[in-house]
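Presented below is the structure to which this report refers.
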Amino acid sequence: MSAGTEVSVAGRTIEVSNLDKVYFPAESGSTSSITKGDVVDYYERIADAMLPHVAGRPLVLQRFPDGIDEFGFYQKNTPDHVPDWMGRVEMDTADGGVTRYSVIDDAAGLVYLANQGAIVFHTLLAGADAPVRPVEVIFDLDPSSDDLDPVQAAAKELRDVLDDLALAPRVKSSGSRGLHIVVDVTDDDADFDLTRSFARRVAEMVSERGDFTLEHRKAKRQGRLFLDIGRNAPASHAAAPYSLRPIPGAPVAAPLDWDEALASSFHPQRITLTNVFRRLAQKLDPWTGAPTPRSTIAAALDAIG
C-alpha cells in the first residue's frame, strides 16, 4: 500500500496517515521492523480470509497508536468521529450503562480501524444481530510458562470429549502462548447461561483426566494448566482468527488443523504477518469445509449428565 493520504478500499475512500511509524520494532537478528503501513496493508490483504470470522460481530479493539512497545489500550465504545458507514450495535452493561461496539462487514472496516492503531481485533462470542445469543464456545488453553506439553495434552482431551459429543471442535493458535478450542453453537435458543454451564461441565470432565484445573487463583493451581472457560460470557471476547497479536514478530491467531496443533514442532507464534500469506497460498484455511456439529449444546449437556 502506498504512503498517500487516501486509499480506496472496498469502494470507500479512507484517509491514512503516518504509515512509516514503527509498530513492531526489529527483533534481534532481524533486518527490518514492521510499520503501521505494513499492518494496514496486512489487514487489507487478509480480509478475504478474516471477514468470515469477524463480519457482523461486535468488536473490541486493542489499539497501539505508537506501536507495541508503547502505551496500548482496549476500546469497546465506538468514538463519535468514526464514519457513519461503520456499523454499531449497542449492548447493556452490568452496571446499567450501554456500550456501543463497532461492527464491520468489509475490508474497508479492517483498514479504517487498523489506521486508527488497532493491532488486535477481538470479537464477542455473539453476532451483532442477537448479542445475547452465543454463536460459539471457546476453551482457552494458556500456559503460565513456555511449556506447550500440557496445552497440547489438554487440547487432545478436549478434542476427544467434544468429538464424542458430536460437536466437531476446531482449534486455532492464540498467537500468544496457547490454543483456543472452538465449538459452533447450533442451538436455536442458546444463551450464555447454557454455553457457560456446558463449558464448565466439559472442563470438569477434562480436569479429571489429566493434570488440569479450573482454579482461577494461580496460588492454588499447583503448576497445573488452567482450563479457562471465562470467555463464555456476554461481554467477553477473544482474538479473532487472523488477528495480529502485539508480540515481537507480529504473530497471527491462526486457524489450525488438529495434526499441526498437536505436533511436537508446533509453536503458537510460528504463523506471522510475514508468512501467513505463503501458508494460505499453499493450503486452504484449515477451517474451510470443516465438519459442522451434529449435535446441539443443549443435547450435549444432557448427554454428559
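The values are calculated or read from the model by the stated rules, or taken from the named source; none is laboratory data. The model shown is predicted, which means the values in this text are computed figures rather than measured ones. Because the Cβ atoms are built from the backbone with ideal geometry, glycine has one as well, and the counts that use them run over all protein chains shown.
For beta carbons closer than 6 Å, sequence separation of 6+ or different chains, a first residue in region 37-66 that is more than 15 Å from Val276 (Cβ to Cβ) and a second that is among the small types (Gly, Ala, Ser) and part of a strand (DSSP E or B), the qualifying pairs are Leu59/Ser102; Leu61/Ala118; Arg63/Ala118.
Only residues that are in contact with a Ser or Thr (Cβ under 7 Å, 6 or more places away or on another chain) and of a type outside the set (A, V, I, L, M, F, W, C): list them for region 177-217, please. Residues satisfying the conditions are His180, Asp184, Thr186, Asp187, Ser207, Thr213.
Flag: Thr186 does not match the condition of being surrounded by 13 or more Cβ atoms within 10 Å (Cβ to Cβ), in the same structural domain as Asp142 (by TED's automatic domain parsing) and without any contact (Cβ under 8 Å) to a residue 40 or more places away in the chain.
Given the criteria in a loop (DSSP other than H, G, I, E, B), surrounded by fewer than 16 Cβ atoms within 10 Å (Cβ to Cβ) and at pLDDT 95 or above, does Asp66 qualify? Criteria met by Asp66.
Within region 96-121, the set of residues being more than 23 Å from Pro251 (Cα to Cα) and within 18 Å of the chain's Cα centre (by Cα) comprises Tyr101, Ser102, Val103, Asp105. Selection within region 75-95: residues that are under 21 Å from the mean Cα position of the chain (by Cα) and in contact (Cβ under 8 Å) with a residue 24 or more places away in the chain. The member of this set that is surrounded by the fewest Cβ atoms within 10 Å (Cβ to Cβ) is Asn77. Taken over region 5-27, the criterion of being part of a loop (DSSP other than H, G, I, E, B) and small (Gly, Ala, Ser) is satisfied by Ala10, Gly11, Ser17, Ala26.
Among the residues examined, Gly37 qualifies as in the same structural domain as Tyr112 (by TED's automatic domain parsing), out of contact with any helix residue (DSSP H, G or I) (no Cβ under 6 Å at 6 or more places or on another chain) and either closer than 23 Å to Ala281 by Cα or among the hydroxyl-bearing types (Ser, Thr, Tyr) (or both). When each of Ala49, Ala108 is tested for being in the same structural domain as Gly11 (by TED's automatic domain parsing), under 30 Å from Thr186 (Cβ atoms) and assigned to a helix (DSSP H, G or I), the lone residue that passes is Ala49. Could you say whether any residue in region 132-148 is assigned to a helix (DSSP H, G or I), over 30 Å from Val22 (Cβ atoms) and more than 17 Å from the chain's Cα centre (by Cα)? No - not one qualifying residue is present in region 132-148.
Considered as a group, the residues in region 137-158 that are touching a Ser or Thr at 6+ places or on another chain (Cβ under 8 Å) and surrounded by fewer than 24 Cβ atoms within 10 Å (Cβ to Cβ) include one that is modelled with the lowest pLDDT, and that residue is Asp142.
Pairs are defined by a Cβ separation below 9 Å, a sequence spacing of at least 6 or placement on different chains, a first member in region 233-260 that is touching a residue at least 40 places away in the same chain (Cβ under 8 Å) and farther than 11 Å from Ser173 by Cβ, and a second member that is acidic (Asp, Glu) and in a helix (DSSP H, G or I); the pairs so defined are Ala250/Asp38.
Looking across Tyr23, Tyr43, one residue alone is at pLDDT 95 or above, more than 16 Å from the chain's Cα centre (by Cα), in the same structural domain as Tyr101 (by TED's automatic domain parsing) and among the hydroxyl-bearing types (Ser, Thr, Tyr). It is Tyr23.
When the residues of region 287-305 are filtered to those that are of a type outside the set (A, V, I, L, M) and without any contact (Cβ under 8 Å) to a residue 12 or more places away in the chain, the one that is farthest from Val183 (Cα to Cα) is Gly305.
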